[in-house]
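Have a look at the structure below before the remarks.
Every number here is computed from the coordinates shown, using simple stated rules; none is lab data. In this text, all values refer to a predicted model and were calculated from it rather than measured experimentally. No Cβ is skipped: glycine too gets one built from the backbone with ideal geometry, and neighbour counts run over all protein chains shown.
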Amino acid sequence: MSPKEAPRTSRGGGSRFTEALTPGRVAMAVLAAVTLVFIFQNTREVKIRILVPEVTMPLYLALLATAVIGAACGFYFAARRRK
């Protein structure tokens, strides 16, 4: 049998679920959960000034929008690095 024809086996006999739970993924899941708890605990109205207009909105929406924009930037730059 050539190396290309060798059957793939999992490392250490673990299941796909346990192989998917790497320390980095667990840390990111915990960080995402803590971030969401922080965002939704802050529900008071705040004034936000973006360049010129002043907007009054719940703080959790501003925090959530900032988190989504940050995640989108992170995914964009990570995708560019892989190319």
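Here are the numbers for the structure shown:
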read-out: For Ile48, distant residues with modelled amide H under 5 Å away; value: Val55, Thr56, Met57
read-out: Residues Phe77, Phe40, sorted so that the one with the fewest Cβ neighbours within 10 Å comes first; value: Phe77, Phe40
read-out: Debye intensity ratio in log₁₀ form over the Cα atoms of segment 14-82, taken at each q of 0.15, 0.24, 0.25, 0.28 Å⁻¹; value: -0.70, -1.07, -1.10, -1.15
read-out: Relative contact order, percent, segment 14-82 [alpha-carbon distance under 8 Å, six or more residues apart]; value: 20
read-out: ³J(HN,Hα), Karplus 6.51/-1.76/1.60, whole Hz, each residue of segment 55-63, x for Gly, Pro; value: 10, 9, 8, x, 4, 5, 5, 5, 5
